[in-house]
Structures are given as structure tokens and as C-alpha cells.
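These notes concern the structure reproduced below.
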Amino acid sequence: MHPAAAHEVRYYARPNIAYVPFDDAPPLEYGLVWQAAADTGRIRAFAEAAVQTVRRQGGPGDVCAECR
């Protein structure tokens, strides 16, 4: 058993895996992570594009400061 987000059924459906929904747990939170030593302008631009996409799609308004 492994908790997974509800959208995984849509994107990762497999005939040999049974997804059983449950409603009594807090929502899963996702975030981008990368090694600080590997930080580049390209990575920062990607992270900012991801933040803006989440906001345009009506996602959480509390995107962490480290993600900006």
C-alpha cells in the first residue's frame, strides 16, 4: 500500500494496480526540488513558469517563497 494523489488514477492507470480512495487524510502536497549546488537560471525560469502555471490553473495561492 502507498498513498497516492487522486490524479494518479488518471495519469498512471495500470490494470495491475487498484486505487482505493479515502477521504480522511490531509491532501498531498507536491513541490519542485533540486540541489542548491545545481541551481541555474534555467532551473529558476522553469520553477517560475511552474508557479505561474499553477496559479493560472487555480491552484494553491500559497506557493512557497523558495519556489519563486
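Values for this structure:
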item	result
Qualifying residues in region 1-12 (those that are assigned to a loop (DSSP other than H, G, I, E, B) and open to solvent by 70 Å² or more (accessible area, probe 1.4 Å)) - the one modelled with the lowest pLDDT	A6
Tabulated pairs, region 13-25, first closer than 15 Å to M1 by Cβ, second small (G, A, S) and surrounded by 10 or more Cβ atoms within 10 Å (Cβ to Cβ), C-beta under 9 angstrom, 6+ apart or interchain	Y19/A4; Y19/A6; P21/A6
Residues located in region 21-51, provided they are modelled with pLDDT under 85, open to solvent by 100 Å² or more (accessible area, probe 1.4 Å) and not hydroxyl-bearing (S, T, Y)	P21, F22, D23, P26, P27, E29
Count of residues meeting criterion [of a type in the set (G, A, S) and in a loop (DSSP other than H, G, I, E, B)] in region 13-59	6
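The values are calculated or read from the model by the stated rules, or taken from the named source; none is laboratory data. Because the structure is a prediction, the values reported are computed rather than measured. FYI the Cβ positions are ideal-geometry reconstructions off the backbone, even for glycines, and counts take in every protein chain you see. These accessible areas exclude ligands, DNA and RNA; they are computed on the full protein's heavy atoms, side chains included. Shrake-Rupley method; radii C 1.70, N 1.55, O 1.52, S 1.80 Å.
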